[in-house]
Amino acid sequence: MCGIVGYIGDQEAAGILVEGLRRLEYRGYDSAGIAVLNGGDIQLRRSVGKLPALIDLLKEKPVHGTLGVGHTRWATHGSPCEENAHPHLCCKENIAVVHNGIIENYVELRKELSEQGHRFKSQTDTEVLAHLIESFYTGDLAAAVRQALGRAQGSYGLAVVSAEDRERFIAARKDSPLVLGLGERGTYLASDVPALLPYTREIIYLQDGEIAELRRDAVQLWDAHGQPITRNSEIISWDAAMAEKAGFPHFMLKEIHEQRATIANTFKSRVSLEPPAVHLEDSLPVKIAQAVPRVCLVGCGTSYHAGLAARHWFEELAHIPCDVEIASEYRYRRFSKDRNTLVVGISQSGETADTLAALRESKAQRFPVLAVCNVLGSTITRDADHTLYTYCGPEIGVASTKAFTGQLTALFLLALYMGQSRGTIGRSQLYRHLKALSHVPAAIHHFLESDHGIEAIAQDIQGASSALYLGRQINFPLALEGALKLKEIAYIHAEGYPAGEMKHGPIALIEKGMPVIALAVNSRVQEKMRSNIEEVKARGGKVIALTTEGGLDTVRKADHVITLPFLNEEVSPLLSVVPLQLLAYYTAVAKGCDVDQPRNLAKSVTVE
Ligand code: F6R
């Protein structure tokens, strides 16, 4: 949610900032801007809309200098217009600020600063920071930022440049991620690692409350109490190519195709077949896996759907009662959990404000907390007691795909591990499940290699105003996930429903030609989907059925059938979601929607 970049070095800053913003655009794309220092002046360029508008502006009005900051915005306070685009300047126009987060007390600060004579040009909360810093600035930028932040409430990842100081710029964070990059040609700042990858893999994560001073060849960090600290840099294993499209027209399609590898990456070093075993001791001590009376899975959006699917595994395989909660609701609910309930926060980014808050609340109540996360070193992984990583590499498409199957894989392993630790799962059963899991990457590969007519189905449904996704048991969360994908990238209203519930209400919506996606893949309840399909057909709905080799009879009446290779029921969601992702993708493409940057969305939701 909003992307920040910064650079100080011996190269022209503008190109580096724009390239960084391009790699962060998934975080917001309402407007973009940069501020570059040239002599004693701050050169500001801002434009509304996506990055190409800023690139055009820079062609027309180039900026030169080797120190600068940039921002790509997801609007919270103030509409997406040029005045509200970052960077924001102070009255004298010699301090520029880019900010991700929300300054909650900005109204009172703005009033106070206005009374002191500061003139505001935008409706944003961020602009108060530029004026506050100006009011404290006496030549030491870091000190002025520290004093200003002492007055600000809320969340921030920010970067600040002063026209009077060509040797440094300042960054600070609270509840909003920032990473420093140490390169040969300078020092870099970004909200997320992909922006740094073309320049360096040597990074330092800034932590909450910390302030950093970035110079050409060094960084200085201070902790939340203003004490200087040293932190060793880390070398990350991602490379620049992982954050490129690799010949695919969109990141989303590339990421759908990557799933065969990312699922394997997530399980392969953690399982053995002879004898069958799951090794997650590094992520969760056996003692905890044995002792917890209950599991509570918490997440938002797609990550929440992964939790809903995984509940079946915790109950079936580990015989552990399992609750699944939407993080933004959980944090305000007062429900009683058994002592020692294991709270599992599921998050691709590791920065989602609601999931973070839910985990912090759980920790405060002394529940053991485990993070299932994709981004190394993200806030959630630092806050949690334990972390189970998904190894999916950077996910850039705003609509989550490979992270979802990575989460499913990690949670499946966790359920098996808990079952193994508690003795609820026998050797042969464990072997069977691990073997089935080992077949998933090849099944996805096989499926993606052949044509299933999904593009043609997408053409057929692209004009629909509404769609229904139906599934039972573990396929119900997949119905929710399929509907979410269609909503967010193809802008078609869609609902996921437990198929058995259809006749209790949603059936009233079915009319001629309405697409109904029926998940009738192999399972113990597969046959029950037959009557749902009949009911939809009897009312003129258009059924798109997903089934497994051998299940064609069940879906005989469907208008379109997508057939999946056979997989053991337990692991089949890892494959069944792929056609749902593709259907949403091709429908969005058919409608001419911007697949990787759907309207109103941002990848990492760092505000409540
Ligand atoms: C949907 C999607 C979102 C995220 C949600 C949680 O395609 O991407 O619903 O799943 O915002 O994000 P993370 O997993 O980063 O906490």
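Details
- Some residue of the stretch 267-277 being in a loop (DSSP other than H, G, I, E, B) and either within 16 Å of the ligand (Cβ to nearest atom) or touching a residue at least 40 places away in the same chain (Cβ under 8 Å) (or both): yes
- Looking only at the stretch 584-604, and only at residues there that are of a type in the set (D, E, K, R) and under 19 Å from Glu25 (Cβ atoms), the one that is nearest to the ligand (Cβ to nearest atom): Lys603
- Where Ala518 falls short, out of the listed (1) closer than 27 Å to Leu448 by Cβ; (2) in contact with a Pro (Cβ under 8 Å, 6 or more places away or on another chain); (3) among the small types (Gly, Ala, Ser): (2)
- In the stretch 324-343, the qualifying residues are those that are free of Cβ contacts under 8 Å to residues at least 40 places away in the same chain and within 16 Å of the ligand (Cβ to nearest atom), and the one that is farthest from Ser283 (Cα to Cα) is Glu329.
For every residue, the table says whether it meets (1) surrounded by fewer than 15 Cβ atoms within 10 Å (Cβ to Cβ); (2) farther than 28 Å from Thr355 by Cβ; (3) out of contact with any helix residue (DSSP H, G or I) (no Cβ under 6 Å at 6 or more places or on another chain).
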| residue | (1), (2), (3) |
| --- | --- |
| Ala171 | no, no, yes |
| Lys174 | no, no, yes |
| Glu184 | yes, yes, yes |
| Ala195 | no, no, no |
| Tyr205 | no, no, yes |
| Glu255 | no, no, no |
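- Candidates Ser450, Ser421, Ser438 - the one that is free of Cβ contacts under 8 Å to residues at least 60 places away in the same chain, of a type in the set (S, T, N, Q) and either away from the ligand (no atom under 16 Å from the Cβ) or surrounded by fewer than 18 Cβ atoms within 10 Å (Cβ to Cβ) (or both): Ser450
- Entirely in the stretch 1-60, the strands (runs of 3 or more DSSP E) that have 1 or more residues that are buried (at least 24 other Cβ atoms within 10 Å of the Cβ) and among the polar types (S, T, N, Q): 31-38
- Filter result for Tyr431 (under 30 Å from Met418 (Cβ atoms) and crowded, with 19+ Cβ neighbours inside 10 Å): no
- Pairs are defined by a Cβ separation below 6 Å, a sequence spacing of at least 6 or placement on different chains, a first member in the stretch 299-323 that is at negative phi and within 16 Å of the ligand (Cβ to nearest atom), and a second member that is part of a loop (DSSP other than H, G, I, E, B) and not small (Gly, Ala, Ser); the pairs so defined are Cys300/Thr352; Ala309/Ile474.
- Filter result for the condition that a residue is touching a residue at least 60 places away in the same chain (Cβ under 8 Å) and acidic (Asp, Glu), over Asp41, Asp30: Asp41
- Selection status of Ala520, crowded, with 22+ Cβ neighbours inside 10 Å, at pLDDT 90 or above, closer than 30 Å to Ile425 by Cα and away from the ligand (no atom under 16 Å from the Cβ): yes
- Tally, over the stretch 341-364, of residues that are of a type outside the set (A, V, I, L, M) and in contact with a Lys or Arg (Cβ under 8 Å, 6 or more places away or on another chain): 4
- Scanning the stretch 322-340 for residues that are touching a Lys or Arg at 6+ places or on another chain (Cβ under 7 Å) and over 27 Å from Cys392 (Cα atoms) gives Lys337, Asp338.
- The requirement of being of a type in the set (A, V, I, L, M) and more than 12 Å from the ligand (Cβ to nearest atom) is not satisfied by Leu356.
- Hits in the stretch 457-498 (condition: of a type in the set (A, V, I, L, M), in contact with a strand residue (DSSP E or B) (Cβ under 8 Å, 6 or more places away or on another chain), assigned to a helix (DSSP H, G or I) and away from the ligand (no atom under 16 Å from the Cβ)): Ile457, Ile461
- Only one of the numbered conditions (1) outside any loop (DSSP other than H, G, I, E, B); (2) under 30 Å from Arg23 (Cα atoms) is violated by Arg311, and that is (2).
- Residues of the stretch 173-187 that are under 17 Å from Tyr7 (Cβ atoms) and either assigned to a strand (DSSP E or B) or in contact with a Cys (Cβ under 6 Å, 6 or more places away or on another chain) (or both): Val179, Leu180, Gly181, Leu182, Gly183, Gly186, Thr187.
- Residue selected from the stretch 385-406 under the condition of a type in the set (S, T, N, Q) and near the ligand (Cβ under 8 Å from one of its atoms), by the criterion nearest to Val278 (Cα to Cα): Thr401
- Selected residue (only one of Ile380, Ile346 is within 15 Å of the ligand (Cβ to nearest atom), crowded, with 21+ Cβ neighbours inside 10 Å and touching a residue at least 60 places away in the same chain (Cβ under 8 Å)): Ile346
- Unmet requirement for Ala371, which otherwise passes all of (1) of a type outside the set (S, T, N, Q); (2) in contact (Cβ under 8 Å) with a residue 40 or more places away in the chain; (3) surrounded by 24 or more Cβ atoms within 10 Å (Cβ to Cβ): (2)
- Some residue of the stretch 548-557 being out of contact with any Lys or Arg (no Cβ under 8 Å at 6 or more places or on another chain) and either modelled with pLDDT of 95 or more or in a strand (DSSP E or B) (or both): yes
The values are calculated or read from the model by the stated rules, or taken from the named source; none is laboratory data. These figures come from a predicted structure and were not determined experimentally. A quick note on method: Cβ atoms are made from the backbone with ideal geometry, for glycine too, and the neighbour counts reach across all protein chains shown.
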